[in-house]
Amino acid sequence: MGWAAISWAQAPTAPVLNQRGAVNAVTLQPAPSNVSPGGLLLITGINLGPAAGFRATTTPLPTSIDDPPLEVRINNRPAPIFEATPGSVTVQVPLETPLGAMPIVVRRGTVNSSPARVNVVAPFPSLRTANGQGFGAAPDAEGGKLRLAVAGLGLSEPRVNAGELPGAEETAAPRQAIRANVGGFPAEVSAKLSATKVGEFDVEVTLPEGAKASDVVALYAGNTAGNRVTLGAEPAATIEYLPLPEAARTARGLAASDLRPGFLALSAPRNGEGCWPSWLVDFSRNSVREIPGCPASANQNAASPFQANPESAILAAFAGPATGPAAQGVSDKVTILHPAQSDPMAVTLPARGLNIGGAPGGNLNIVLATTPPSTVLINAATGEVSEPAGPGGGQPGGGGGGLNLANLQVDLGDDVKQLVAQPVNLGQGAFGVLAVDNASAVTRAKFGILNAAGAVQSTRPFPETWLPLLAPVQAQGPGLPGGILPGGPGGPGGALGAAAAILRGATIFDGQARVYWVLARNLAKTADAFIGFPLTGNTEPVIRRLAEGTFVASCTPQTRLFNIDLTRRIAVSTGVTAEAEVKNPCSANAFAVLDLGARTLTAITLPGQGEFSVSGNSASEMSDYVYGTNTDPGRQNRSDTIYVLDGVGNSAFRLDLPPESATFNNLSPIPEMTLLVAQANAQGSNVAGGAGLVIFDIENQQAKLLPTPAGYSAVQLLATFPVSRKLLARGTRTDPAGSQLLLYDLVTGNLQILANPEGVSWVGQVPNAPGQPGQPGQPGQPGQQPAPAIQHFSPRSNAVHVMGYGANRQPAGMILVRVN
C-alpha cells in the first residue's frame with residue numbers, strides 16, 4: 001500500500017508510521033534494525049511531529065511535546081525525544097526496554113498510530129561515521145588517538161537515566177566491558193558517557209603502531225561488534241604484491257586471517273606423511289616463509305589444514321602427523337600463527353584434538369578425543385589452555401543450563417519416540433519437541449515439553465485427521481535408532497551433524513503469544529494447515545487451513561518458514577499440488593502468510609501467474625522481503641525474473657531484467673542496502689556475466705545493469721564489502737588473454753579497474769587453456785590437474801587475497817587488495 005493510500009485511510013491528523021521506518025539512528029541499518037536500550041532510534045512516517053519542527057535544547061529530554069501532546073512509546077514506555085518533524089522523530093530507547101522485537105507507537109493527543117517494531121538487543125556499539133551514514137570512514141584521528149561518538153553501549157556506572165546527561169563532576173563508564181580492534185590488532189580503548197550528547201559515549205582508541213588509513217576499526221561490547229568503519233578515507237583501493245618462491249607455487253589451498261589484511265597461509269596438497277606443506281605470507285613483513293613442522297587436519301580432503309576463525313586475527317592447525325584414525329584425534333599439539341608474533345606459537349593440549357573452532361574474544365575452542373568428547377579453550381594471545389567456564393564443563397552440547405542434545409532420547413508415549421524437528425527453547429527451563437512414531441510412514445505424532453534434563457513434562461496429540469508435514473527424503477541413508485537425535489558420540493558428523501536425516505518437520509515458536517506452530521497435512525492429503533499448540537490459556541490446538549486447492553511447496557528436503565519480524569507474520573511458499581517427492585525445480589506460485597497476532601491466514605499470489613523455484617537456496621529472505629527466481633534447469637539454472645513478497649505490505653511484486661540483458665544467475669544478497677546482485681547474461685550467449693552485473697533494488701522495486709566494461713568479455717561476481725559499500729568482481733579479457741579485479745562503488749556507481757602487478761595475467765583463478773586442434777582445452781598446462789581458485793575475501797577486514805598467475809597460467813605471487 002502506498003503512502004497516499006495510507007494517509008487517505010486515516011484521519012488527517014492521525015500519526016502514521018512507516019513500518020520499515022524504525023531504524024538505528026546512527027547505523028541506519030535497514031529494518032528490522034538493531035538498537036540497544038539507551039540507543040538512538042529514528043522513526044519515519046506521516047503526521048508525526050509539529051509542522052514547525054522541534055529540537056530539544058535542554059536536558060532532561062522531554063517525553064511529551066507540542067499540543068496536542070506528542071509521545072513515542074516503546075513497549076509502552078515513553079521515550080525521550082531529541083527532535084521531531086512531520087516526517088520523522090528521533091528518540092532514545094528507554095533503558096528499561098526488554099530485549100526482543102518491541103512495538104513502537106506514536107501518540108498525538110488521544111490518537112495512536114499503528115505499531116512499528118524494532119529489534120532491541122544487548123549492547124550493540126553504534127559508531128558515528130564521517131559521512132553520517134553509518135559506514136565508511138571514522139572521523140579523523142589526531143595524535144595517535146581516534147575519538148569516536150558511540151551510542152548503544154547500554155547502561156552506565158554510575159547509572160544515568162535516559163534523556164539525561166551525567167553530572168558536571170561525574171564520569172560514567174559503560175557497564176559492559178568494551179574492547180577495540182584496529183587492522184586485526186587489539187587497541188587500548190576507554191569510554192565515558194558524553195557530557196553534551198544524550199545517549200552517546202566518548203570513546204578514545206589508541207592506534208596500534210603502523211596502523212593504516214585502510215584498516216578496519218571494530219568496537220566490541222562484550223563479544224558483539226557494532227558497525228565497522230575504516231580508520232581513514234582513501235581515494236581508491238590499493239594493491240600490494242609478493243612474488244612466491246618456487247616451492248610455494250605448488251599451493252592449492254589458502255586460509256586468510258579474518259581481521260588482519262595480508263596475513264595468510266598457503267598450503268600444498270596433503271603428502272604421504274599426512275602433512276600439508278605450508279607457507280606463511282605476511283605482507284606487513286614483506287615475507288613468504290615456510291611454516292615448520294607438519295601442519296595437519298582431521299579432514300584429509302581439506303585444501304588447507306589451517307583454520308581462520310571469525311572475529312579473530314590468527315590462523316591455527318594441528319601439529320601432526322596423525323598417528324591413528326581420525327576418531328582418535330589428530331595431535332595433542334596446535335600451531336598458532338599470530339600477526340603480532342614473528343614465530344609460530346606451539347601449544348600442547350591435554351589430549352589429542354579432533355577439531356579446531358572459534359571461541360569468544362578471537363580465541364580457540366578445541367574438541368578433544370576423550371570419552372566422552374570434551375573441549376578446552378586456547379587463549380590466542382598467550383597460548384594458555386583452560387576449560388570452558390560455566391555449567392556443563394567441557395562437554396560439547398552442555399553448558400548454560402540448556403538441553404543437552406548429544407544422545408537426546410524422547411518417549412512421548414504410544415510409541416512416539418522419533419524427533420522430526422529441532423528442539424525449541426520455550427524459556428523457563430522448558431523445551432518443545434515434535435515427535436512421531438515412524439518418520440518413514442507417520443501414523444501418530446505429538447508435541448511434547450521437556451525440562452532441561454530431557455524428562456517429559458507434558459504431551460499433546462495432533463488433532464484428529466492431521467499429521468506433521470515432513471519434507472521428502474532426497475537420498476536413503478542408514479537408519480538411526482528411534483528417539484536418538486543423530487550426531488552424538490559415535491554418530492555421524494558430531495552433534496546434530498546428521499540431523500537433516502530425520503529433522504524434516506517445519507516448526508516455529510511464537511515467544512510473544514507462546515504458541516508452538518507446525519506445518520501439517522491431513523490424512524487424505526487434500527489439505528495443508530498451520531497447527532498451533534498454545535502453552536497458556538485455552539490449550540486446544542489451533543488449526544489454520546490453507547485455501548482450498550493450495551498446498552505447501554513440499555518438494556525440497558527442507559520446507560522453509562520465513563519469519564517476518566516487523567509484522568509478526570510467518571510465510572511459506574505454496575503451490576497447487578500436494579507434493580511428496582523431491583523435485584528440481586520445486587515450483588511455487590503463491591505464499592501463505594500466517595498473522596501470529598490475529599491467527600489469520602492470507603493467500604498472496606504472484607503477479608502475472610508467475611512461478612518461482614524454492615529448490616536449494618533459490619528462495620530466501622532479506623529485511624522481511626522473501627524473494628525467489630523463476631530458475632529453470634533447462635536454461636542452465638538461469639532466470640529472468642525475481643518475485644518478491646513484501647512481508648510488511650503483505651503483497652507481492654516482480655522485478656524484470658533491464659532490456660540490455662536476457663537472463664541472470666548467481667544471485668547474492670546485500671542486506672545492508674536491501675539489494676540483490678547477480679551476473680547478467682546477454683541474449684543468445686552461454687557466457688555467464690557476459691552482459692555485466694545486475695542490481696535489484698528491492699526497496700525501490702528497480703533493476704539496473706552495471707555493464708561489462710569495454711575490452712572485457714565477462715564479469716564474475718566475487719564479494720561485497722559492507723564497510724565501504726563496494727562490490728568486487730573479476731573481469732575476463734580476451735586480448736590480451738587474462739583477468740583483472742573490478743571494484744564497483746554501490747553508492748556512486750563508479751568503477752575502479754585494478755591494474756595487475758607486473759608479470760600477472762590472471763587473478764584468483766585460471767580458466768581452461770585453449771586445446772590443440774582436435775583436442776579439448778585443458779586447465780593450466782597440458783598434463784596438470786585443474787587448478788582450484790586460490791582466493792579469499794574478508795568483508796570484516798575489507799581485504800582481498802588472490803593468487804596472481806603469469807601468462808603461462810602458473811602461480812606467480814600473492815596479491816593483497818585493501819578495499820577503501
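If you take the residues in segment 29-75 that are out of contact with any strand residue (DSSP E or B) (no Cβ under 8 Å at 6 or more places or on another chain) and among the polar types (S, T, N, Q), which one is least open to solvent (accessible area, probe 1.4 Å)?
The extreme case among them is THR59.
If you scan segment 671-686, which residues turn out to be over 19 Å from ALA31 (Cα atoms), open to solvent by 30 Å² or more (accessible area, probe 1.4 Å) and not polar (S, T, N, Q)?
First, the residues of segment 671-686 that are over 19 Å from ALA31 (Cα atoms): 677-686.
Add one more test, that the residue is open to solvent by 30 Å² or more (accessible area, probe 1.4 Å), and what stays is 682-686.
The answer is ALA682, GLY684.
Any chance segment 683-691 includes a residue that's assigned to a strand (DSSP E or B) and out of contact with any helix residue (DSSP H, G or I) (no Cβ under 7 Å at 6 or more places or on another chain)?
No, every residue in segment 683-691 fails to be assigned to a strand (DSSP E or B) and out of contact with any helix residue (DSSP H, G or I) (no Cβ under 7 Å at 6 or more places or on another chain).
Looking for something within 23 Å of the chain's Cα centre (by Cα), surrounded by fewer than 21 Cβ atoms within 10 Å (Cβ to Cβ) and part of a loop (DSSP other than H, G, I, E, B) - is there at least one such residue anywhere in segment 135-153?
yes
Just to check your reading of the model, which residue among PRO486, PRO463 is under 34 Å from the mean Cα position of the chain (by Cα) and either part of a loop (DSSP other than H, G, I, E, B) or at pLDDT below 85 (or both)?
Only one candidate qualifies: PRO486.
Listed here are the residues, each with its yes/no results for (1) at pLDDT below 95; (2) open to solvent by 20 Å² or more (accessible area, probe 1.4 Å); (3) within 25 Å of LEU657 (Cα to Cα).
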site	(1), (2), (3)
TYR712	no, yes, yes
LEU728	no, no, yes
THR734	yes, yes, no
LEU741	no, no, yes
TYR744	no, no, yes
LEU754	no, no, no
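Could you please give the count of residues in segment 343-373 that are open to solvent by 20 Å² or more (accessible area, probe 1.4 Å) and either of a type outside the set (A, V, I, L, M) or part of a loop (DSSP other than H, G, I, E, B) (or both)?
Count: 16.
I need the full set of residues from segment 664-682 which are in a loop (DSSP other than H, G, I, E, B) and over 20 Å from the mean Cα position of the chain (by Cα), in order please.
Scanning segment 664-682 gives a single hit, ALA682.
Could you grab me the full set of residues in segment 647-663 that are surrounded by 16 or more Cβ atoms within 10 Å (Cβ to Cβ), modelled with pLDDT of 95 or more and not in a loop (DSSP other than H, G, I, E, B)?
Passing the criteria: ALA652, LEU655.
Could you list, in sequence order, all residues of segment 317-341 that are of a type outside the set (Phe, Trp, Tyr), part of a strand (DSSP E or B), within 31 Å of the chain's Cα centre (by Cα) and more than 20 Å from ILE790 (Cβ to Cβ)?
VAL334, THR335, ILE336
Does GLY689 satisfy being on the phi > 0 side of the Ramachandran plot, open to solvent by less than 20 Å² (accessible area, probe 1.4 Å), touching a residue at least 12 places away in the same chain (Cβ under 8 Å) and of a type in the set (Gly, Ala, Ser)?
Answer is yes for this residue.
On the basis of being in a strand (DSSP E or B), open to solvent by 10 Å² or more (accessible area, probe 1.4 Å) and either without any contact (Cβ under 8 Å) to a residue 24 or more places away in the chain or within 30 Å of ASN181 (Cα to Cα) (or both), does ALA130 make the cut?
It is false that ALA130 is in a strand (DSSP E or B), open to solvent by 10 Å² or more (accessible area, probe 1.4 Å) and either without any contact (Cβ under 8 Å) to a residue 24 or more places away in the chain or within 30 Å of ASN181 (Cα to Cα) (or both).
Output the residues belonging to segment 111-127 that are crowded, with 21+ Cβ neighbours inside 10 Å and of a type in the set (A, V, I, L, M). Spell out the reasoning first.
The initial filter retains those residues of segment 111-127 that are crowded, with 21+ Cβ neighbours inside 10 Å, namely 113, 116-118, 120, 123-127.
Hits for segment 111-127 are ALA116, VAL118, VAL120, LEU127.
Quick one: which of VAL582, VAL644 is open to solvent by 40 Å² or more (accessible area, probe 1.4 Å) and among the β-branched types (Val, Ile, Thr)?
None of the others qualify; the one that does is VAL582.
Just one of THR238, THR224 is surrounded by fewer than 20 Cβ atoms within 10 Å (Cβ to Cβ), of a type in the set (Ser, Thr, Tyr) and within 24 Å of the chain's Cα centre (by Cα); which is it?
On inspection, the qualifying residue turns out to be THR224.
When you scan segment 234-305 for strands (runs of 3 or more DSSP E) that lie fully inside it, which ones turn up with 1 or more residues that are under 25 Å from LEU368 (Cα atoms) and touching a Phe, Trp or Tyr at 6+ places or on another chain (Cβ under 6 Å)? Before the answer, list the steps.
Numbers: elements: 238-243, 253-256, 263-267, 278-282, 287-290.
Hits in segment 234-305: 253-256, 263-267.
Can you tell me which residue among VAL89, VAL93 is crowded, with 22+ Cβ neighbours inside 10 Å, modelled with pLDDT of 95 or more and under 12 Å from GLY49 (Cβ atoms)?
Exactly one residue qualifies, and that residue is VAL89.
Kindly list, by first and then second residue, each pair from a residue in segment 296-307 that is farther than 8 Å from GLY253 by Cβ and open to solvent by less than 20 Å² (accessible area, probe 1.4 Å) to a residue that is part of a loop (DSSP other than H, G, I, E, B) and not aromatic (Phe, Trp, Tyr), limited to pairs with Cβ atoms under 7 Å and residues at least 6 apart or on different chains.
From segment 296-307, the pairs are ALA296/GLY274; ALA296/CYS275; ALA296/PRO305; ALA296/GLY320; ALA296/PRO321; ALA296/ALA322; ALA296/VAL330; PRO305/SER297.
Between a first residue in segment 749-770 that is without any contact (Cβ under 8 Å) to a residue 40 or more places away in the chain and closer than 13 Å to ALA807 by Cα and a second residue that is basic (Lys, Arg) and open to solvent by less than 50 Å² (accessible area, probe 1.4 Å), which pairs have beta carbons less than 8 Å apart while being 6 or more apart in sequence or on different chains?
The qualifying pairs are GLN765/ARG730.
The values are calculated or read from the model by the stated rules, or taken from the named source; none is laboratory data. No experiment lies behind these values; they were computed from the predicted model shown. Neighbour counts run over all protein chains shown; Cβ positions are idealised from the backbone, glycine included. Just the protein is used for accessible areas: all its heavy atoms, side chains included, with ligands, DNA and RNA removed. Shrake-Rupley method; radii C 1.70, N 1.55, O 1.52, S 1.80 Å.
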